Amino acid sequence: MNAEPWAIAMVLIATVLGGFGSIYLKKGAEKLEFKINALLRNTKLFYGVLLYGISSLFFIVGLKGGELSVLYPLVALSYVWISILSLRILKEKMNWWKWAGVALIVLGVGLIGYGSTIQ
């Protein structure tokens, strides 16, 4: 594979952090007001932005250890984490079509990873 294992791990950590960031942004959006005081008190929105920022740092560090064409498709796994977190935390519903989409994402990421090992 054209990416170091530590780089893959960094990108995977970034996707999980980004998933949690999305959950916090969603929860913060429920109380969104475009007033300075309200924005400063919206801790969930703040945590969402913070987690996205930290996620980006992990991703940037991970990019140092591999090819973008191998590492970037791993970002699609964010959809998997968000689907799972939405079920558990936000109590959202998943139907068969959504799960099929998640399965296709995992399959696609796997195929891209496998394809990068073939010369």
- Task: Could you tell me which numbered condition Trp97 fails, if it satisfies all but one of (1) at pLDDT 95 or above; (2) within 18 Å of the chain's Cα centre (by Cα); (3) not basic (Lys, Arg)?
- Result: (2)
- Query: Just one of Val80, Val106, Val70, Val102 is under 13 Å from Ile8 (Cβ atoms), part of a helix (DSSP H, G or I) and either touching a strand residue (DSSP E or B) at 6+ places or on another chain (Cβ under 6 Å) or at pLDDT below 95 (or both); which is it?
  - Reply: Val70
- Message: Condition first: in contact with a Leu (Cβ under 6 Å, 6 or more places away or on another chain) and at pLDDT below 90. Now tell me which residues in region 1-48 satisfy that.
- Response: Ala3
- Consider only pairs whose beta carbons are under 6 Å apart and that are at least six residues apart or on different chains; among these, list those whose first residue lies in region 38-50 and is in contact (Cβ under 8 Å) with a residue 40 or more places away in the chain and closer than 20 Å to Gly19 by Cβ and whose second residue is surrounded by 14 or more Cβ atoms within 10 Å (Cβ to Cβ) and of a type outside the set (Phe, Trp, Tyr). none
- Message: Out of Phe46, Phe34, Phe59, I need the residue that is outside any helix (DSSP H, G or I) and either buried (at least 16 other Cβ atoms within 10 Å of the Cβ) or among the aromatic types (Phe, Trp, Tyr) (or both). Which one?
- Response: Phe34
- Message: Return the pair list, or none, for Cβ contacts closer than 6 Å from residues in region 98-116 that are touching a residue at least 40 places away in the same chain (Cβ under 8 Å) and closer than 18 Å to Ser69 by Cα to residues that are β-branched (Val, Ile, Thr) and assigned to a helix (DSSP H, G or I), at least 6 apart or on different chains.
- Response: Ser116/Val70
- Task: Run down Leu71, Leu107, Leu40, Leu90 and say which single residue is out of contact with any Phe, Trp or Tyr (no Cβ under 7 Å at 6 or more places or on another chain) and surrounded by 14 or more Cβ atoms within 10 Å (Cβ to Cβ).
- Result: Leu71
- Going by the conditions given, is Val75 touching a residue at least 40 places away in the same chain (Cβ under 8 Å) and not hydroxyl-bearing (Ser, Thr, Tyr)? yes
- Message: When you check Ala9 against the structure, is it surrounded by 13 or more Cβ atoms within 10 Å (Cβ to Cβ), part of a helix (DSSP H, G or I) and touching a Phe, Trp or Tyr at 6+ places or on another chain (Cβ under 6 Å), yes or no?
- Response: no
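The values are calculated or read from the model by the stated rules, or taken from the named source; none is laboratory data. Because the structure is predicted, anything quoted here is derived from the model rather than measured. Using ideal geometry, Cβ is built from the backbone for each residue, glycine included, and neighbour counts are taken over all protein chains shown.
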